[in-house]
Structures are given as C-alpha cells and as structure tokens.
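A.B. asks: My questions all concern the structure below.
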Amino acid sequence: MIVYLDLLILDNFCADASLLYLAVKTVRGKVSLMRIFLVALFGTIAGVGYTIFSIYYTLPKIVDLFIKYSVAAVLPLFAAKFRKKSSYALLSLAFCVYMFAFSGLLTAFFSEFVLTGENVYTVNAVPSGIIVAASVVFSVAAVKLFGFLASRVKLNGMIFDCRLSFKGQQIKTKGLCDTGNRLRTSKGKEVAVADRSIAWALLNSKNSKIHTAFEKVPVKTVNGNSYMTVFTIDKIEIYCGNHANIIEDVAIGISGESLGEYGLILPPSFTNEEK
C-alpha cells in the first residue's frame, strides 16, 4: 500500500477546516478562523497518524469505528465558544452530518468511474485534488444556501394575512411588516402603505366616494422627495398566529408603484401582540 503523506495531510486539513467552518456557521456560532485552523490541524495530525498506524496494526472493526466516530464527535467542540452547552452538541451533530453527507456524495459519484494510472492518488476512489476542491465548494455553497433559507424563514415570519374594511367593502390581502415604514400623517398617525389595486378596490364603491378625506403625506425616497395620497379606513384585521390585531381608523397610503406579491406594507407596531 502506497500513501502519499503530503496529499493525505492536504486532504484531511482542507476537509476538516471546510466542514468545521460550515458547522459553526450552521449553529450561528462566532467564526474564529484561528480556532478552526488549529482544530483542523489537530484533526489532520490525528487522522494521518491513525492512518499510518492502521498500515502496521489492525484493530477490531468495532474498535476502529469507535475511534473514528469519537474523534469526529469531539473534534468540533473546540472550534467555537458558546454560552449554552446544547450549542456544542448541535455543533458536533452538524459536523458529523456534513462529514457523512460530503464523503457519501463523493464516494457515490466516483464509484461510477474507474481511475487508471500510477500517479493518481485516491481515497475511496476519489482523487485527492477533487477532495480538496470539493470540500471548499461544498462548504461555501452550503453556507450560501442556509443563508438564503434563513432569510426566507425570517421574511415569512414578517408576512401576515390581513383584512381591510371600509364603508362596507372588505378586502383580504397579505401584509409585510417593514421596520423601515415610518410614514405618519400630519396628526402623527402611522400609515400602512397599500398597493394601488388594493386602494382602488376599497375606493371603488358609491359609499366610499362620499365624505372620504384625502391627505398628501411627504415621502423621502432615493429619487428625492414626493407625496403619497393617504385616506382613512374603518379598520384593519391582522392575523398574527391564532389571534387577530384589530386596529380602527387606519391611515392607508396609496403606493405609487406596485408592491408585487404583497398588498400592504405595515408599520412594525401594527403586529404588536398588545394591539
């Protein structure tokens, strides 16, 4: 059996460092590249040392598995600091899951190929250079994916089912809570911005055209200063989980542009459970 020590060291270090970084990011730990570097270096020394040991000595299968899995579980515990002990368990679990997923993915893919040539160093049929590159790409792609999914979860937590009532008219729509919505009328009333289609649907009745007062509220945008037309509706019901926030005499601004998939942009206070 021929072992290329330099390649073995490079493979182990790159894989350990990349997967440790990914595990720390997954459990939202504070990334310290120096800690990850040192832990990956220790893991590399342990892994290479055990590989060389295995060349000369054969341990029982169960002992071999226990040593490998124990090191994999303990190794991540030193890659980051946490206040909660449960975070260390999650970090260890995340690292093991990524390790199995990454190694299984590469092994399954390259098992379909037969590599020939004396100068090709492989680990479980996977070329050394592929392990180095794939470990980095795998971790970077996973971090990007989890970041995107986390942003979507956060966004979904800010979207509410709403029902607007105005002089007999009722409109159901989706409202997005936006901390940047700080519009207020001249009397200091907060403004919920409505898509033009929603506003016109509320105003499109005989009753709504009678005694409906409008106000021009100044708006600052990246394109400069402008004005938004605002009127007051009877009430808005915002469904937050199992209950509804009911707000009466709500100022509704008519958006100059389409709001896309949302019908309303809500001020943060509208979704406060104390409402």
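The values are calculated or read from the model by the stated rules, or taken from the named source; none is laboratory data. The structure displayed is predicted, hence computed values, not measured ones. Glycine also receives a Cβ, built like all others from the backbone with ideal geometry; neighbour counts cover every protein chain displayed. What goes into the accessible areas is simple: the full protein's heavy atoms, side chains included, and nothing from ligands, DNA or RNA. Shrake-Rupley method; radii C 1.70, N 1.55, O 1.52, S 1.80 Å.
A.B. asks: Determine how large the accessible area of GLU215 is when every protein chain is in place; take a 1.4 Å probe and give Å² rounded to the nearest 10.
C.D. replies: Probe radius 1.4 Å; accessible area of GLU215 about 60 Å².
A.B. asks: Only sites in a loop by DSSP and with at most 12 other Cβ atoms within 10 Å count here; which chymotrypsin sites (Phe, Trp or Tyr not before Pro) in region 21-102 make the cut?
C.D. replies: Hits after loop and neighbour filter: TYR57.
A.B. asks: From largest accessible area down, sort MET228, MET158; use a 1.4 Å probe on the protein chains.
C.D. replies: These residues rank, largest area first, as MET158, MET228.
A.B. asks: With a ≥ b ≥ c taken as the square roots of the eigenvalues of the C-alpha gyration tensor of region 25-88, please select rounded if a/c is under 1.5 and otherwise prolate if a/b is larger than b/c or oblate if it is not?
C.D. replies: oblate
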